[in-house]
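Worksheet: one structure, shown below.
What follows is calculated from the coordinates using simple rules that are stated; it is not laboratory data. This structure is a prediction, so every number in the text was calculated from the model and none was measured. Because the Cβ atoms are built from the backbone with ideal geometry, glycine has one as well, and the counts that use them run over all protein chains shown.
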2 protein chains.
Amino acid sequence: MKPIRVIQIGLGPIGMATAKLVQQKRALRLVAAVDVRPGVGQELGVPLFSSIGAAARRHPADVAILTTGSRFLRVRALLGEIFATGLHIVSSCEELLFPWHRNPREADLTDRAARRAGVACLGTGVNPGFVMDTLALATSGVCQRVEAVRVWRVQDVAKRRPQLQEKVGAGMDEDEFRGLVAAGCIGHVGLQESLALIAHGLGWKLSRVTECIEPVIAARDCGSRHLRVKKGQVAGVSQVARGLRGGKEVLRLDLKMFMGAENPRDEIQISGVPPMQLVIPGATPGDYATAAILVNCVPRIVTAPPGLRTMLDLPVPRAIP
Amino acid sequence: MKPIRVIQIGLGPIGMATAKLVQQKRALRLVAAVDVRPGVGQELGVPLFSSIGAAARRHPADVAILTTGSRFLRVRALLGEIFATGLHIVSSCEELLFPWHRNPREADLTDRAARRAGVACLGTGVNPGFVMDTLALATSGVCQRVEAVRVWRVQDVAKRRPQLQEKVGAGMDEDEFRGLVAAGCIGHVGLQESLALIAHGLGWKLSRVTECIEPVIAARDCGSRHLRVKKGQVAGVSQVARGLRGGKEVLRLDLKMFMGAENPRDEIQISGVPPMQLVIPGATPGDYATAAILVNCVPRIVTAPPGLRTMLDLPVPRAIP
């Protein structure tokens, strides 16, 4: 089997991890990388470009892994550029998991553009992309009837990288935290997309979707090597998305990331026949897992029909050799 | 959307449960049922037939759900009959999960026959089909590297149906148990197929596969409403399949079904990067779940390419409306 040729687009922390993982896989080959910042990514030892078109012209490839942004409308122009090169796309763009949720018209246009170009395009990751959506839907596969789905992802950021501790607001006072939430600087992107993907997968029309982002206030002094949090300060973030059907809450995704969180875990509960509970003790480690699932989806997207695809269109993701 | 028309073939306990579940699904319609025993299945209120050909001629359909046997070689002739009718197939036949494991030549022939007929054919269920194989592979989707996969399924049969308690040998003495194992009357069919599917999914060539079936001896009197087990008698069965690669155990599936089993659960452990652990406390309830996953796979098989398919070829299974 000839290896699948990959161009990595975006060389931030996730992109670098993804590119290096591609280089470890027998089934894949990294042929080039793209970043607008000159000089970034030299340790990969592959040709570097500042534009997708130039990279693809010089290095024929099959798939682009795109890790440049979280918002669908912001990556849309890039998607168009990649479509023009004839590459399939796997992207960490959170809203691309289910872009119809916020931007149905633009999602349809992008879907049509991908079809015209004959390429398939997927948004995925560990969250959104796996623990709070795809895994919940897979669990429902053994249910005769589903009445409600609840998912928790509880992470103790004390054990995670310093950037993440800051990103969740640890050590801030409550006003500062709320200001940053209002400015869109704190909060996980993609929770509503996970919810919308579950609803779509179960064939449910939701009458209402709500989301709230609240600080978790430290009940006592806590912290990590990197950052101290005093009692009364913000320890992190609690973000909850709810989906209602006919006035009843049928979906709830509850994401908590804070210093000293007890019982860190991913947990899926399905009310139905049979009821199901599934737990990943300690919670899936986000950094490793995101690079993994992006790379593991590369062989899946190559054989997918053209268009904007979701995790529900592709075969079960699995570790590739 | 027009409902998918289903013919149920085999009206034992699983087949009846499946047929009734089809009747509850908006997306499906049960148009006929087939069983060689006259009079069976009248409560379904659909036309009953003793032959597949007659049923399919009289009632045009899209998919056959086949629940007549566990062994691939025994259902092979039936598969051929169904191919001739042009129906896609979802079957609970345990060995059909991955028939290449025991019968590669016959599996290839059946695959070719299905392609010629233009139909897709799938073996699935809760186990094999989900907890000890598909779910383990899906979990590996967030792994950068997998070194070993171990799965436990531990069920306390005291809470299950009486037939299952007898099937696992509860209340027998050890000699009787071993005689029945030797005669092929005790033991779960499909454990090696689960193992082979995982290896296939991970792209691993196994150097050796072993399987052993041992009695679990009651350490104290125990039992259910239906059946008493005295200390020293058989409480149930422990069945372990192992897969080796280069002399090293890389896969282990451990199935324990006995009276009074503690910590009943499905548990998946992946050694790798990142390591993953996933637990379904109480273990997925087999009876409900098997009917569910068979029915939930019906819409997936209709759109699959013709041929003998596995759970790895199809999109993530999920509860259908």
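Candidates B:Ile65, B:Gly187, B:Pro13 compared by Cα position along the dipole of the protein assembly as shown: farthest toward the positive end lies B:Ile65, with charges placed on Cβ. Taking all C-alpha pairs of the stretch A:1-136, those more than 19 Å from each other amount to 48 percent. For the stretch A:304-316, backbone phi angles converted through the Karplus equation (6.51, -1.76, 1.60; θ = phi - 60°) give residue-by-residue couplings of 7, x, x, x, 7, 9, 10, 4, 7, 8, 9, x, 2 Hz, Gly and Pro being listed as x.
Taking amide H positions as modeled 1.01 Å from N, with prolines and chain starts lacking one, the residues under 5 Å from B:Phe49 and 5 or more places away or on another chain are B:Ala33, B:Val34, B:Asp35.
Shortest first, A:Ser70 label-point distances to identical copies amount to 5.1 nm, with the label point at 7 Å from Cα along Cα→Cβ. In a fully extended conformation the segment linking A:Gln163 and A:Arg71 would gain 31.1 nm over its present Cα-Cα distance, using 0.36 nm per residue.
Potential lengthening of the chain between B:Asp108 and B:Asp287 amounts to 61.4 nm, from the contour at 0.36 nm per residue minus the alpha-carbon distance.
Comparing A:Leu195, A:Leu180, A:Leu137 in a Gaussian network model of chain A, where Cα atoms under 10 Å apart are tied by springs, the biggest mean-square fluctuation is seen for A:Leu180. Note on chain B: the alpha carbon radius of gyration divided by the globular reference 2.2 N^0.38 Å gives 1.01. For chain B, averaging the sequence separation of C-alpha pairs within contact (under 8 Å, six or more residues apart) and dividing by the residue count gives a relative contact order of 21 percent.
Within the straight-line cut-off of under 24 Å between alpha carbons, the lysines reachable from B:Lys205 are A:Lys2, A:Lys25, B:Lys248, sequence neighbours fewer than 8 places apart in one chain being disregarded.
Considering only alpha-carbon pairs that sit under 8 angstrom and 6 or more positions apart, the relative contact order computed for the stretch A:134-283 is 37 percent. Distance from the alpha carbon centroid of the stretch A:179-249 to that of the stretch A:72-124 works out to 26 angstrom.
Quick one: in the protein assembly as shown, what % of C-alpha pairs are over 32 Å apart? Here the long-distance tail beyond 32 Å is 52 percent of all Cα pairs in the protein assembly as shown. Looking at the stretch B:203-255, the trypsin sites (Lys or Arg not before Pro) that sit in a DSSP loop and have at most 14 other Cβ atoms within 10 Å of their own Cβ are B:Lys205, B:Arg220, B:Arg225, B:Lys230, B:Lys231.
When A:His88, B:His188, A:His200 are ordered from fewest to most other Cβ atoms inside 10 Å of their Cβ, what list results?
A:His200, B:His188, A:His88
Within the shell defined by Cβ-Cβ distances under 14 Å, the residues around A:Cys143 carry a net charge of +2, with Lys and Arg each +1 and Asp and Glu each -1. Rounded to the nearest 0.05, the FRET efficiency derived from the C-beta distance between B:Glu174 and B:Thr303 at R0 = 51 Å is 0.55. For A:Pro305, the shell of other residues with beta-carbons less than 15 Å away shows a net charge of +3, using +1 for Lys and Arg and -1 for Asp and Glu.
Two tests apply to each whole DSSP H helix in chain A, Cα reach of 18 Å or more along its axis and mean Kyte-Doolittle hydropathy of at least -0.5, and the ones passing both are A:72-85.
Neighbours of B:Gly286 by Cβ distance under 11 Å: Lys/Arg scored +1, Asp/Glu scored -1, total +1. For chain B, adding -39500 (n - 2.57) for each run of n ≥ 4 DSSP H residues and dividing by the number of residues yields -9000 deg cm²/dmol at 222 nm.
All C-alpha to C-alpha distances of the stretch B:134-283, sorted into 10 Å bins beginning at zero, yield P(r) values of 12, 37, 30, 17, 4 percent in whole numbers. Taking a straight Cα-Cα cut-off under 14 Å and skipping sequence neighbours fewer than 8 places away in the same chain, the aspartates and glutamates within cross-link reach of B:Lys159 are B:Glu262, B:Asp287.
When chain B is treated as a GNM with alpha-carbon contacts under 10 Å, the residue of B:Thr85, B:Thr110, B:Thr210 showing the greatest mean-square fluctuation is B:Thr210. Residue exposure proxy: A:Val229, A:Val40, B:Val46, ordered by other Cβ atoms within 10 angstrom of their Cβ from fewest to most, comes out as A:Val40, B:Val46, A:Val229. With neighbours defined as other Cβ atoms within 10 Å of a residue's Cβ, the residues B:Ser194, A:Ser238, A:Ser207 order from fewest to most as A:Ser207, A:Ser238, B:Ser194.
Relative contact order, whole percent, for the stretch A:99-213 stands at 30, derived from Cα pairs under 8 Å and 6 or more residues apart. On a per residue basis, the convex hull of the C-alpha atoms belonging to the stretch B:143-194 measures out at 126 Å³.
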